[in-house]
Amino acid sequence: MIKRITGAFAICLAIAGTAGCGKNSSSRASRDGSPNVVGDILVGTQCPLGTMSNPMPGGFALAGCKIDSSELRLKTPPGPILLSGDCAEKTIAIRSFDGSVDSLWQVPPDGSFSIVVPGFQGMFALDGSRSSGCASGMTMEITGKMSCTDRDVFSIRVDSMRLWMTPSTEAQRAIFEAPDCRLPNSCRLETSMELRQCG
């Protein structure tokens, strides 16, 4: 079972070189008739010493989001989202670059993880009510596995990363100066990817 470790970790605000790369395996096109996504969310890795990879486009597609529109424009995405694994401590950190999300989780000895992380936020240019701009909270559901064969340069396989749309908070609406999005509860952005950390 995944266990959350209490504590906040500061995010290094300067990217010191390219410490990793990734390969995306998800399609931008919706598979269930949901609108196409315009815009994307960047995903990267952070090494234990604080250096970061250059975040890459996550290739998120929309699912479970039947609205009266052919596209959904992500005007202000969350992130970049940073993942950081520690093979010695058997932990994985999930953070947003702006510091709004900063969490650390214990993983089993085999490196697998299944985690739910609330607190992400974004702004869309159009929702089902045809508002010109709206704010949405996002809860991440992420599953995958850390490969620790080489502890200095290892991979984080993300089998599924889903960002479920949730009602925005008053603070989030104030940040974006926008009303709450009116999207179905099943509406989510999703992708899968392979991230290379520290190498």
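The values are calculated or read from the model by the stated rules, or taken from the named source; none is laboratory data. These numbers were taken from a predicted model, which means no experiment stands behind them. Glycine gets a Cβ as well: all are built from the backbone with ideal geometry, and neighbour counts include every protein chain shown. Each accessible area value is taken on the protein alone, full model and side chains, heavy atoms only, with ligands, DNA and RNA left out. Shrake-Rupley method; radii C 1.70, N 1.55, O 1.52, S 1.80 Å.
Numbers at a glance
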{"item": "Solvent accessible area, Å² - Arg157, 1.4 Å probe, full protein context", "result": "90"}
{"item": "Extension gain from Ile175 to Glu194, taking 0.36 nm per residue of separation minus the Cα-Cα distance", "result": "3.6 nm"}
{"item": "Straight-distance crosslink candidates among aspartates and glutamates, where the alpha carbon sits under 14 Å from Lys145 and sequence neighbours closer than 8 are dropped", "result": "Asp86, Asp110, Asp159, Glu194"}
{"item": "Gain on full stretching of the segment that runs from Thr143 to Thr76 - 0.36 nm per residue minus C-alpha separation", "result": "21.7 nm"}
{"item": "Scattering curve values for the stretch 41-199, log₁₀ I(q)/I(0), Debye with Cα scatterers, q = 0.11, 0.14, 0.17 Å⁻¹", "result": "-0.44, -0.69, -0.95"}
{"item": "Heavy-atom accessible area per residue - the stretch 58-159, 1.4 Å, Å²", "result": "37"}
{"item": "Most to least accessible of Trp105, Trp164 (protein chains only, probe 1.4 Å)", "result": "Trp164, Trp105"}
{"item": "Spin-label model distance (nm) - Ser112 vs Asp150, 7 Å beyond Cα toward Cβ", "result": "2.6"}
{"item": "Surface share of carbon and sulfur [accessible, 1.4 angstrom probe, percent] for the stretch 49-121", "result": "54"}
